[in-house]
Amino acid sequence: MTENKGHDHHHGHHHDHESTGFDHMGSFLLSEERRKWQDPEKILEIVNAPREGIMVDLGCGPGFFTLPAAVRMSGNGVLIGIDASPKLLSVCSQRLAESAGARADLILLELDEMIPLMDGSVDFVLLTNVLHDFQKPEMLLGEAGRVLKSGGRIVNIDWKKEEREFGPPQEIRLSLEKSIDMLSSAGFRIQSTPDIGPYHYCVVAGKGHKATR
């Protein structure tokens, strides 16, 4: 087993999925094993993810959070999934098609590029296991702030900075404190850091009435 087991995004810097194939990594990303310690439905409830409005899942991968978020919205809002991997988006699309009542718009995009959405058009942005992959995460957070409405929320979920047999290497993980600092520096107001399980932390932040810089 490699130490990158469960490291589910490359975002223009890593291309693990494309080089090693989807089967091994993809099966882990959607596995019942993962659900034991990262239950997406429960986490979406904890962070009070929207049931209407516009939500963006940045770095959605094969849809581990996208699908339950879509079911949660049940056609009452718009869910947009964005990822840099055509293969993972294809899997996400297939899973959505097979789930009654689950709809989402999927966009293929390197996450250090401009998000093709209007300023102040989004109610909620979800980042799951994404920020640690970026040399300059400020760009992604800046784009999230641009598309979020005033009063909109951003949720960052990432690996705790601990050495584990799975997930990304400890040296590239971001600590909870670092994540909070980056979100604050991007202009977001930290609202809470709820407990979501043994291996990940969660930061919930909001966009103030002043434009995020």
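The values are calculated or read from the model by the stated rules, or taken from the named source; none is laboratory data. What you are looking at is a predicted structure, and each value in this text was computed from that prediction instead of being measured. Neighbour counts run over all protein chains shown; Cβ positions are idealised from the backbone, glycine included.
Of the strands (runs of 3 or more DSSP E) lying entirely inside the range 123-213, those carrying at least 3 residues that are in contact with a strand residue (DSSP E or B) (Cβ under 9 Å, 6 or more places away or on another chain) and of a type in the set (A, V, I, L, M, F, W, C) are 148-159, 200-207. Screening LYS136 against (1) surrounded by fewer than 20 Cβ atoms within 10 Å (Cβ to Cβ); (2) in contact with a Lys or Arg (Cβ under 8 Å, 6 or more places away or on another chain) leaves a single unmet condition, (2).
Scanning the range 67-94 for residues that are free of Cβ contacts under 8 Å to residues at least 40 places away in the same chain and of a type in the set (D, E, K, R) gives a single hit, ARG72.
Scanning the range 110-139 for residues that are among the aliphatic types (A, V, I, L, M) and out of contact with any His (no Cβ under 8 Å at 6 or more places or on another chain) yields MET114, ILE115, LEU117, MET118, VAL122, VAL125, LEU126, LEU127, LEU131, MET139. Does the range 155-168 contain at least one residue that is buried (at least 16 other Cβ atoms within 10 Å of the Cβ), of a type in the set (S, T, N, Q) and modelled with pLDDT of 95 or more? Yes, the range 155-168 contains a residue that is buried (at least 16 other Cβ atoms within 10 Å of the Cβ), of a type in the set (S, T, N, Q) and modelled with pLDDT of 95 or more. Go through the range 66-84 residue by residue and tally those that are surrounded by fewer than 24 Cβ atoms within 10 Å (Cβ to Cβ) and under 17 Å from VAL130 (Cα atoms). Residues in the range 66-84 being surrounded by fewer than 24 Cβ atoms within 10 Å (Cβ to Cβ) and under 17 Å from VAL130 (Cα atoms): 2 in total. Would you confirm whether or not the range 14-23 contains a residue that is on the phi < 0 side of the Ramachandran plot, modelled with pLDDT of 70 or more, outside any loop (DSSP other than H, G, I, E, B) and touching a Leu at 6+ places or on another chain (Cβ under 9 Å)? No, that holds for no residue.
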